[in-house]
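The values are calculated or read from the model by the stated rules, or taken from the named source; none is laboratory data. Small disclaimer: the values here were computed from a predicted structure and weren't measured. All Cβ positions, glycine included, derive from the backbone under ideal geometry; neighbour counts span all protein chains shown.
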Amino acid sequence: MKMNIKKGDQVKIISGKNRGKSGTVLSVFSSVNKISVEGVNLYKKRSKPKTQGQKGETVLVARPFAVSNAMLICKNCKAATRIGFRLEGKQKSRYCKKCSANT
């Protein structure tokens with residue numbers, strides 16, 4: 001399945017425990033249709049001490065979640081929107097379905 005969201009896009013979470021939050025896409029896992037977003041879906045991960053005598057620490061890690069739970073935020077109209085594709089010559093580009101601006 002083709003994913004509409006790319007690394008670096010601004011997205012808004014539309015369902016789940018983080019509904020309403022927004023952030024930047026850190027990584028895309030197209031084989032399992034998941035994305036990881038900065039500051040969203042955070043879980044605590046406990047790490048072992050690096051050397052003897054130090055204490056272990058708890059780190060917040062952003063876990064990936066389903067792409068269907070996020071919508072792209074248009075750069076032009078600043079709203080969460082669906083995405084369409086256009087062919088301009090031989091180039092394929094994404095556009096906002098609300099304001100028809102290229103994203």
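Quick one: which of PHE85, PHE29 is surrounded by 10 or more Cβ atoms within 10 Å (Cβ to Cβ), within 14 Å of the chain's Cα centre (by Cα) and not polar (S, T, N, Q)?
PHE29
What number of residues in region 13-27 are out of contact with any helix residue (DSSP H, G or I) (no Cβ under 8 Å at 6 or more places or on another chain), hydroxyl-bearing (Ser, Thr, Tyr) and within 10 Å of ALA70 (Cα to Cα)?
Of the residues in that region, 1 qualify.
Report, ordered by the first and then the second residue, all pairs with beta carbons closer than 9 Å, sequence separation of six or more or different chains, a first member in region 69-90 that is among the hydroxyl-bearing types (Ser, Thr, Tyr), and a second member that is at pLDDT 90 or above.
Short answer, once both residue conditions are applied: THR81/MET71; THR81/LEU72; THR81/ILE73; THR81/CYS74; THR81/CYS96; THR81/LYS97; THR81/LYS98; THR81/CYS99.
Have a look at LYS34, LYS48 and point out the one that is without any contact (Cβ under 8 Å) to a residue 60 or more places away in the chain and within 24 Å of the chain's Cα centre (by Cα).
Just one listed residue meets the conditions, LYS34.
Among the numbered criteria (1) surrounded by 11 or more Cβ atoms within 10 Å (Cβ to Cβ); (2) out of contact with any Pro (no Cβ under 9 Å at 6 or more places or on another chain); (3) farther than 16 Å from SER22 by Cβ, which single criterion is violated by THR103?
Condition not satisfied by THR103: (3).
In region 1-34, how many are part of a loop (DSSP other than H, G, I, E, B), at negative phi and in contact with a strand residue (DSSP E or B) (Cβ under 7 Å, 6 or more places away or on another chain)?
Residues in region 1-34 being part of a loop (DSSP other than H, G, I, E, B), at negative phi and in contact with a strand residue (DSSP E or B) (Cβ under 7 Å, 6 or more places away or on another chain): 9 in total.
Considering each of ALA80, ALA62, ALA70 in turn, give the residue that is surrounded by 14 or more Cβ atoms within 10 Å (Cβ to Cβ), over 27 Å from LYS97 (Cβ atoms) and of a type outside the set (Ser, Thr, Tyr).
ALA62
Conditions (1) out of contact with any Leu (no Cβ under 6 Å at 6 or more places or on another chain); (2) loosely packed, with under 11 Cβ neighbours inside 10 Å; (3) β-branched (Val, Ile, Thr), marked per residue:
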residue: TYR43; (1), (2), (3): yes, yes, no
residue: LYS48; (1), (2), (3): yes, yes, no
residue: THR58; (1), (2), (3): yes, yes, yes
residue: LYS75; (1), (2), (3): yes, no, no
residue: LYS90; (1), (2), (3): yes, yes, no
residue: ARG94; (1), (2), (3): yes, no, no
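Can you report the number of residues in region 47-81 which are within 15 Å of LYS6 (Cβ to Cβ) and either at pLDDT below 90 or assigned to a loop (DSSP other than H, G, I, E, B) (or both)?
Of the residues in region 47-81, 3 are within 15 Å of LYS6 (Cβ to Cβ) and either at pLDDT below 90 or assigned to a loop (DSSP other than H, G, I, E, B) (or both).
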